[in-house]
Amino acid sequence: MNLKLTNEVRSSVNLLHNAPVSSVKEERQRTGRLIALLVGICLLVLALYHAWVRRIPVVASLVVPVLIMFVYVGWVLYTASRDKKRVC
């Protein structure tokens, strides 16, 4: 089957394959932040597990400030992204 594409169809096909550089960069940054957040959550759960199983008060005393810090940083990033979307 021999199909010929018109110029209009060709341009729309090319637009689908070429994503803007800024959106790719933003998506990579977002993915990196999500991976860092997941690693932090995993480490926090691991520390809580060790504090619970081994009854180590030192680990528990370190986990609470880390948990507060993660919640604070997450809230700051969330509000910054929300405000950025609101401005645009």
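The values are calculated or read from the model by the stated rules, or taken from the named source; none is laboratory data. Owing to the predicted nature of the structure, the values given are computational and were not obtained by experimental measurement. Cβ coordinates were reconstructed from backbone atoms using ideal geometry, including for glycine residues, and neighbour counts include every protein chain displayed.
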Margin query: Take V21 and tell me if it is among the β-branched types (V, I, T) and either at pLDDT 85 or above or out of contact with any His (no Cβ under 9 Å at 6 or more places or on another chain) (or both).
Written below: yes
Next item on the list: Report the residue count in the range 48-87 for those that are touching a His at 6+ places or on another chain (Cβ under 7 Å) and part of a helix (DSSP H, G or I).
Entry: 1
Next item on the list: Please specify each residue of the range 44-85 satisfying the condition of being under 18 Å from R30 (Cα atoms) and not aromatic (F, W, Y).
Entry: V71, V73, G74, V76, L77, T79, A80, S81, R82, D83, K84, K85
Next item on the list: Consider V58 carefully, then state whether it is modelled with pLDDT of 85 or more and exposed (fewer than 11 other Cβ atoms within 10 Å of the Cβ).
Entry: no
